[in-house]
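The values are calculated or read from the model by the stated rules, or taken from the named source; none is laboratory data. As the structure is a computational prediction, the values presented were derived from the model and not from experiment. Note that we place each Cβ from the backbone using ideal geometry, even for glycine, and neighbour counts take in every protein chain shown. When the accessible area is computed, the model is the full protein with side chains, heavy atoms only, and any ligands, DNA or RNA have been set aside. Shrake-Rupley method; radii C 1.70, N 1.55, O 1.52, S 1.80 Å.
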Amino acid sequence: MKLLVTGSAGFIAGYLVEELLKRGHSVVGIDNYSKYGPVEKSYDHHPNYIFAQGDVKDTQLMKELIADCDQVVAIAAMIGGITYFHEYAYDLLAENERITAATFDAAIWAHQHKKLQKINVLSSSMVYESTIVYPSPEGEQLRCPPPLSTYGFQKLACEYFAKGAWEQYKLPYTIIRPFNCVGTGERRAKNEKEIFSGNVKLAMSHVVPDLVQKILKGQDPLHILGAGNQIRHYTYGGDLAEGIALCIENEKAINEDFNLSTSASTTVLELAEAIWNKVNRDKPFRYISDTPFVYDVQKRIPAVEKAKRLLGFEAKSNLSDMLDEVIPWIQRQVRAGNI
(Lines give C-alpha, C1' and ligand atoms only; values in the text may rest on other atoms or scores of the structure.)
Protein backbone atom coordinates (compact mmCIF):
# COMPACT_ATOMS: atom_id res chain seq x y z
CA MET A 1 0.00 0.00 0.00
CA LYS A 2 0.91 3.64 -0.28
CA LEU A 3 0.27 5.50 2.97
CA LEU A 4 0.23 9.15 3.96
CA VAL A 5 1.50 9.61 7.54
CA THR A 6 0.93 13.03 9.08
CA GLY A 7 3.34 14.13 11.81
CA SER A 8 5.91 11.78 10.33
CA ALA A 9 8.88 13.38 12.13
CA GLY A 10 7.30 12.83 15.54
CA PHE A 11 7.89 10.33 18.32
CA ILE A 12 5.43 7.49 17.61
CA ALA A 13 5.62 8.10 13.84
CA GLY A 14 9.36 7.44 14.01
CA TYR A 15 8.66 3.86 15.02
CA LEU A 16 5.64 3.51 12.73
CA VAL A 17 7.23 4.71 9.47
CA GLU A 18 10.15 2.34 9.99
CA GLU A 19 7.72 -0.56 10.61
CA LEU A 20 5.62 0.25 7.52
CA LEU A 21 8.68 0.43 5.27
CA LYS A 22 9.92 -2.86 6.72
CA ARG A 23 6.57 -4.41 5.78
CA GLY A 24 7.01 -3.31 2.15
CA HIS A 25 4.66 -0.32 2.08
CA SER A 26 5.42 3.06 0.50
CA VAL A 27 5.11 6.04 2.83
CA VAL A 28 4.54 9.73 2.18
CA GLY A 29 5.33 11.78 5.28
CA ILE A 30 4.35 15.34 6.13
CA ASP A 31 5.58 17.37 9.10
CA ASN A 32 6.26 21.06 9.70
CA TYR A 33 8.91 20.38 12.39
CA SER A 34 6.96 22.60 14.78
CA LYS A 35 7.64 20.48 17.85
CA TYR A 36 11.32 19.54 17.81
CA GLY A 37 12.68 21.47 14.84
CA PRO A 38 14.36 19.57 11.98
CA VAL A 39 15.19 16.00 13.02
CA GLU A 40 16.96 13.27 11.10
CA LYS A 41 15.27 9.89 10.87
CA SER A 42 16.83 6.56 9.94
CA TYR A 43 14.44 6.20 7.00
CA ASP A 44 14.89 9.69 5.49
CA HIS A 45 16.72 8.30 2.45
CA HIS A 46 14.72 5.08 2.08
CA PRO A 47 13.66 4.61 -1.57
CA ASN A 48 10.02 4.04 -0.57
CA TYR A 49 9.79 7.14 1.64
CA ILE A 50 8.89 10.61 0.38
CA PHE A 51 8.89 13.53 2.81
CA ALA A 52 7.13 16.87 2.43
CA GLN A 53 7.93 19.65 4.88
CA GLY A 54 4.64 21.46 5.28
CA ASP A 55 1.62 22.16 7.42
CA VAL A 56 -1.18 19.59 7.61
CA LYS A 57 -3.63 22.51 7.81
CA ASP A 58 -2.73 23.33 4.18
CA THR A 59 -5.62 21.44 2.59
CA GLN A 60 -4.37 21.93 -0.97
CA LEU A 61 -0.97 20.43 -0.09
CA MET A 62 -2.72 17.57 1.71
CA LYS A 63 -4.82 16.85 -1.39
CA GLU A 64 -1.68 16.73 -3.52
CA LEU A 65 0.02 14.29 -1.13
CA ILE A 66 -3.02 12.07 -0.55
CA ALA A 67 -4.12 11.87 -4.19
CA ASP A 68 -2.50 8.51 -4.93
CA CYS A 69 -2.53 7.04 -1.40
CA ASP A 70 -4.52 4.00 -0.28
CA GLN A 71 -4.79 5.03 3.37
CA VAL A 72 -3.89 7.94 5.64
CA VAL A 73 -2.56 7.69 9.21
CA ALA A 74 -3.52 10.86 11.11
CA ILE A 75 -0.89 11.38 13.81
CA ALA A 76 -0.04 15.10 13.52
CA ALA A 77 -1.08 17.07 16.60
CA MET A 78 0.12 19.40 19.28
CA ILE A 79 1.02 16.91 21.98
CA GLY A 80 3.15 16.80 25.10
CA GLY A 81 3.14 15.61 28.66
CA ILE A 82 1.12 16.85 31.58
CA THR A 83 2.61 20.37 31.72
CA TYR A 84 1.59 20.75 28.09
CA PHE A 85 -2.09 20.20 29.01
CA HIS A 86 -1.92 23.14 31.43
CA GLU A 87 0.28 25.55 29.48
CA TYR A 88 -1.55 25.20 26.16
CA ALA A 89 -5.11 24.40 27.22
CA TYR A 90 -6.68 26.55 24.47
CA ASP A 91 -4.06 26.04 21.75
CA LEU A 92 -4.27 22.25 22.08
CA LEU A 93 -7.99 22.38 21.43
CA ALA A 94 -7.98 24.98 18.67
CA GLU A 95 -4.88 23.89 16.75
CA ASN A 96 -5.65 20.18 16.92
CA GLU A 97 -9.21 20.76 15.70
CA ARG A 98 -7.82 22.64 12.69
CA ILE A 99 -5.34 19.84 11.98
CA THR A 100 -8.06 17.20 12.33
CA ALA A 101 -10.54 19.03 10.11
CA ALA A 102 -7.96 19.60 7.35
CA THR A 103 -6.90 15.95 7.44
CA PHE A 104 -10.48 14.72 7.20
CA ASP A 105 -11.33 17.24 4.46
CA ALA A 106 -8.48 15.88 2.34
CA ALA A 107 -9.33 12.25 3.18
CA ILE A 108 -13.02 12.65 2.31
CA TRP A 109 -12.05 14.28 -1.00
CA ALA A 110 -9.57 11.49 -1.82
CA HIS A 111 -12.12 8.82 -0.90
CA GLN A 112 -14.72 10.41 -3.19
CA HIS A 113 -12.48 11.34 -6.13
CA LYS A 114 -9.32 9.23 -5.87
CA LYS A 115 -8.52 5.81 -4.38
CA LEU A 116 -8.28 6.40 -0.62
CA GLN A 117 -9.76 3.43 1.22
CA LYS A 118 -9.55 4.40 4.90
CA ILE A 119 -8.39 6.90 7.51
CA ASN A 120 -6.55 5.66 10.62
CA VAL A 121 -6.92 8.09 13.53
CA LEU A 122 -4.45 8.13 16.41
CA SER A 123 -6.52 8.95 19.45
CA SER A 124 -5.38 8.67 23.08
CA SER A 125 -5.90 6.85 26.35
CA MET A 126 -7.02 10.28 27.63
CA VAL A 127 -10.50 9.67 26.18
CA TYR A 128 -10.96 7.48 29.29
CA GLU A 129 -9.84 10.32 31.58
CA SER A 130 -13.12 10.36 33.56
CA THR A 131 -13.80 6.63 33.71
CA ILE A 132 -14.15 4.56 36.87
CA VAL A 133 -14.23 1.26 34.95
CA TYR A 134 -10.95 -0.72 34.97
CA PRO A 135 -9.71 -2.23 32.78
CA SER A 136 -11.34 0.31 30.42
CA PRO A 137 -12.76 -1.48 27.35
CA GLU A 138 -13.37 0.00 23.91
CA GLY A 139 -16.79 1.66 24.06
CA GLU A 140 -16.28 2.95 27.61
CA GLN A 141 -15.44 6.40 26.14
CA LEU A 142 -19.12 6.62 25.10
CA ARG A 143 -20.42 5.68 28.56
CA CYS A 144 -18.17 7.56 30.96
CA PRO A 145 -18.29 11.35 31.50
CA PRO A 146 -16.29 13.37 28.95
CA PRO A 147 -12.61 14.10 29.62
CA LEU A 148 -11.88 17.09 31.86
CA SER A 149 -8.73 18.26 30.06
CA THR A 150 -9.00 20.07 26.74
CA TYR A 151 -6.47 17.60 25.32
CA GLY A 152 -8.56 14.57 26.27
CA PHE A 153 -11.73 16.25 25.01
CA GLN A 154 -10.09 17.03 21.65
CA LYS A 155 -8.91 13.44 21.26
CA LEU A 156 -12.48 12.30 21.85
CA ALA A 157 -13.53 14.84 19.20
CA CYS A 158 -11.13 13.15 16.73
CA GLU A 159 -13.10 9.96 17.21
CA TYR A 160 -16.33 11.83 16.46
CA PHE A 161 -14.76 13.22 13.28
CA ALA A 162 -14.27 9.60 12.21
CA LYS A 163 -17.85 8.74 13.17
CA GLY A 164 -19.21 11.76 11.27
CA ALA A 165 -17.11 11.15 8.15
CA TRP A 166 -18.39 7.58 8.02
CA GLU A 167 -22.04 8.51 8.62
CA GLN A 168 -22.10 11.31 6.05
CA TYR A 169 -19.45 10.35 3.49
CA LYS A 170 -18.96 6.61 4.12
CA LEU A 171 -15.22 7.10 4.71
CA PRO A 172 -14.04 3.92 6.51
CA TYR A 173 -11.90 4.44 9.61
CA THR A 174 -9.93 2.77 12.38
CA ILE A 175 -9.50 4.51 15.75
CA ILE A 176 -6.23 3.67 17.50
CA ARG A 177 -5.48 4.49 21.16
CA PRO A 178 -1.85 4.06 22.23
CA PHE A 179 -1.09 3.91 25.95
CA ASN A 180 2.01 5.63 27.38
CA CYS A 181 4.52 5.14 24.60
CA VAL A 182 8.10 4.57 25.78
CA GLY A 183 11.08 4.69 23.47
CA THR A 184 13.79 6.81 21.90
CA GLY A 185 13.13 9.90 19.84
CA GLU A 186 11.69 12.44 22.26
CA ARG A 187 13.56 15.71 22.57
CA ARG A 188 13.07 19.15 24.08
CA ALA A 189 10.02 20.64 22.42
CA LYS A 190 10.62 24.09 20.96
CA ASN A 191 7.58 25.63 22.65
CA GLU A 192 7.50 23.57 25.82
CA LYS A 193 7.87 25.60 28.99
CA GLU A 194 10.81 24.71 31.22
CA ILE A 195 9.86 23.85 34.79
CA PHE A 196 11.83 22.98 37.88
CA SER A 197 11.33 19.62 39.55
CA GLY A 198 13.33 19.94 42.73
CA ASN A 199 16.73 21.26 41.61
CA VAL A 200 16.53 19.98 38.02
CA LYS A 201 15.08 22.06 35.19
CA LEU A 202 12.99 19.99 32.78
CA ALA A 203 11.94 20.90 29.26
CA MET A 204 9.89 17.75 28.79
CA SER A 205 6.97 16.36 30.70
CA HIS A 206 6.55 12.70 29.85
CA VAL A 207 7.16 10.68 32.94
CA VAL A 208 9.86 8.24 31.75
CA PRO A 209 12.30 10.78 30.23
CA ASP A 210 11.65 13.19 33.11
CA LEU A 211 12.51 10.60 35.76
CA VAL A 212 15.52 9.32 33.82
CA GLN A 213 16.86 12.84 33.40
CA LYS A 214 16.51 13.71 37.09
CA ILE A 215 18.17 10.49 38.22
CA LEU A 216 21.01 10.85 35.70
CA LYS A 217 21.62 14.38 37.01
CA GLY A 218 22.01 13.01 40.52
CA GLN A 219 18.79 14.19 42.15
CA ASP A 220 18.56 12.56 45.59
CA PRO A 221 15.95 12.30 46.96
CA LEU A 222 14.04 11.99 43.68
CA HIS A 223 11.10 14.35 43.18
CA ILE A 224 7.93 12.68 41.89
CA LEU A 225 4.49 14.17 41.24
CA GLY A 226 1.94 13.15 43.85
CA ALA A 227 2.12 10.02 45.97
CA GLY A 228 3.51 7.88 43.14
CA ASN A 229 0.60 5.43 43.16
CA GLN A 230 -0.66 6.59 39.74
CA ILE A 231 -1.02 3.53 37.49
CA ARG A 232 0.11 3.51 33.86
CA HIS A 233 0.74 0.92 31.15
CA TYR A 234 4.13 1.74 29.63
CA THR A 235 4.14 0.39 26.08
CA TYR A 236 7.20 0.13 23.84
CA GLY A 237 7.15 2.27 20.68
CA GLY A 238 8.15 -0.71 18.53
CA ASP A 239 5.19 -2.72 19.83
CA LEU A 240 2.83 0.20 19.17
CA ALA A 241 4.16 0.50 15.62
CA GLU A 242 3.39 -3.17 15.01
CA GLY A 243 -0.12 -2.74 16.43
CA ILE A 244 -0.81 0.33 14.29
CA ALA A 245 0.46 -1.51 11.19
CA LEU A 246 -1.95 -4.36 11.94
CA CYS A 247 -4.79 -1.83 12.26
CA ILE A 248 -3.86 -0.49 8.82
CA GLU A 249 -3.51 -3.86 7.11
CA ASN A 250 -6.25 -5.97 8.67
CA GLU A 251 -9.76 -5.73 7.21
CA LYS A 252 -11.18 -6.70 10.61
CA ALA A 253 -10.05 -3.25 11.83
CA ILE A 254 -12.41 -1.37 9.48
CA ASN A 255 -14.78 0.89 11.46
CA GLU A 256 -13.39 -0.43 14.76
CA ASP A 257 -11.50 1.11 17.67
CA PHE A 258 -8.59 -0.46 19.53
CA ASN A 259 -6.65 0.07 22.73
CA LEU A 260 -2.99 -0.69 21.94
CA SER A 261 -1.13 -1.34 25.16
CA THR A 262 0.84 -3.70 27.30
CA SER A 263 -1.29 -5.58 29.81
CA ALA A 264 1.18 -4.81 32.63
CA SER A 265 0.26 -2.17 35.22
CA THR A 266 3.09 -0.13 36.77
CA THR A 267 2.86 2.60 39.39
CA VAL A 268 4.94 5.75 39.00
CA LEU A 269 6.80 4.77 42.17
CA GLU A 270 7.63 1.32 40.76
CA LEU A 271 8.82 2.97 37.54
CA ALA A 272 10.96 5.47 39.44
CA GLU A 273 12.57 2.75 41.53
CA ALA A 274 13.27 0.61 38.45
CA ILE A 275 15.05 3.52 36.74
CA TRP A 276 16.90 4.42 39.95
CA ASN A 277 18.23 0.88 40.37
CA LYS A 278 19.53 0.82 36.79
CA VAL A 279 21.36 4.16 37.21
CA ASN A 280 22.28 4.15 40.92
CA ARG A 281 23.18 0.54 41.62
CA ASP A 282 24.72 1.21 45.04
CA LYS A 283 22.50 4.01 46.39
CA PRO A 284 19.27 3.38 48.33
CA PHE A 285 16.15 4.69 46.58
CA ARG A 286 14.79 7.84 48.21
CA TYR A 287 11.99 10.10 47.00
CA ILE A 288 9.79 13.00 48.01
CA SER A 289 6.35 13.89 46.65
CA ASP A 290 5.63 17.20 44.92
CA THR A 291 2.16 18.66 44.42
CA PRO A 292 0.58 16.87 41.44
CA PHE A 293 -1.00 18.57 38.43
CA VAL A 294 -4.78 18.87 38.14
CA TYR A 295 -5.03 16.43 35.20
CA ASP A 296 -2.77 13.78 36.69
CA VAL A 297 -5.18 10.87 36.11
CA GLN A 298 -4.73 8.31 38.87
CA LYS A 299 -5.43 5.21 36.79
CA ARG A 300 -5.05 4.39 33.10
CA ILE A 301 -5.71 0.69 32.75
CA PRO A 302 -6.82 -0.48 29.30
CA ALA A 303 -8.62 -3.62 28.30
CA VAL A 304 -6.44 -5.21 25.61
CA GLU A 305 -8.46 -8.31 24.63
CA LYS A 306 -10.10 -6.79 21.53
CA ALA A 307 -6.80 -6.07 19.75
CA LYS A 308 -5.61 -9.58 20.55
CA ARG A 309 -8.85 -11.22 19.42
CA LEU A 310 -9.37 -9.31 16.15
CA LEU A 311 -5.79 -8.43 15.16
CA GLY A 312 -3.65 -10.98 16.99
CA PHE A 313 -1.79 -8.08 18.63
CA GLU A 314 0.05 -8.30 21.95
CA ALA A 315 2.57 -5.79 23.32
CA LYS A 316 5.23 -8.15 24.65
CA SER A 317 8.18 -5.87 25.51
CA ASN A 318 8.81 -5.61 29.25
CA LEU A 319 9.62 -2.42 31.11
CA SER A 320 13.15 -3.43 32.08
CA ASP A 321 14.15 -3.98 28.44
CA MET A 322 12.55 -0.66 27.42
CA LEU A 323 14.55 1.17 30.09
CA ASP A 324 17.78 -0.52 28.95
CA GLU A 325 17.22 1.11 25.54
CA VAL A 326 15.88 4.47 26.71
CA ILE A 327 18.28 5.34 29.57
CA PRO A 328 21.51 5.34 27.47
CA TRP A 329 19.72 7.26 24.70
CA ILE A 330 18.56 9.98 27.12
CA GLN A 331 22.07 10.08 28.59
CA ARG A 332 23.45 10.89 25.12
CA GLN A 333 20.72 13.49 24.50
CA VAL A 334 21.47 15.22 27.82
CA ARG A 335 25.16 15.44 26.87
CA ALA A 336 24.26 16.81 23.43
CA GLY A 337 21.92 19.42 24.94
CA ASN A 338 18.82 18.07 23.18
CA ILE A 339 16.99 17.35 26.46
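Worth a mention:
- Additional length obtainable on full extension of the chain from ASP290 to ASP91, 0.36 nm per residue less Cα span: 69.0 nm
- Net charge of neighbours whose Cβ lies under 11 Å from the Cβ of ASP257, counting Lys and Arg as +1 and Asp and Glu as -1: -1
- With the simple spin-label model, which puts each label point 7 Å out from Cα in the Cβ direction, the GLU251 to LEU148 separation comes to 4.5 nm.
- Length added when fully stretched, SER42-ASP105, from 0.36 nm per residue minus Cα-Cα: 19.6 nm
- Order of exposure, largest accessible area first, which applies to ILE288, ILE301, ILE176 with probe 1.4 Å: ILE288, ILE301, ILE176
- For the chain, the antiparallel share of DSSP beta bridges with both residues in that region comes to about 10%.
- Heavy atoms of the protein chains alone define the surface here; on that basis the range 42-177 has 43 Å² accessible area per residue at 1.4 Å probe size.
- As computed over the chain, the Cα convex hull volume per residue (Å³): 122
- Within the shell defined by Cβ-Cβ distances under 10 Å, the residues around ILE231 carry a net charge of +2, with Lys and Arg each +1 and Asp and Glu each -1.
- Low-density loop cleavage sites - chymotrypsin sites (Phe, Trp or Tyr not before Pro) in the range 1-103, where at most 13 other Cβ are within 10 Å (DSSP): TYR33
- Residues whose amide H falls under 5 Å from that of ILE231, counting only those 5 or more places apart or on a different chain, are LYS299, ARG300, with hydrogens built in the peptide plane.
- Here the label points at ILE132 and TRP329, each 7 Å from Cα along the C-beta direction, are separated by 3.9 nm in the simple model.
- Spacing of the modelled spin labels on THR59 and ALA336, each 7 Å from Cα toward Cβ, amounts to 3.9 nm.
- Sequence-distant residues sharing a close amide H with ASP290 (under 5 Å, placed H): ILE224, LEU225, GLY226
- Amide H contacts of VAL73 (H built 1.01 Å from N, in plane; Pro and chain starts excluded): LEU4, VAL5, THR6, ASN120 sit under 5 Å, all sequence-distant by 5 or more or on other chains.
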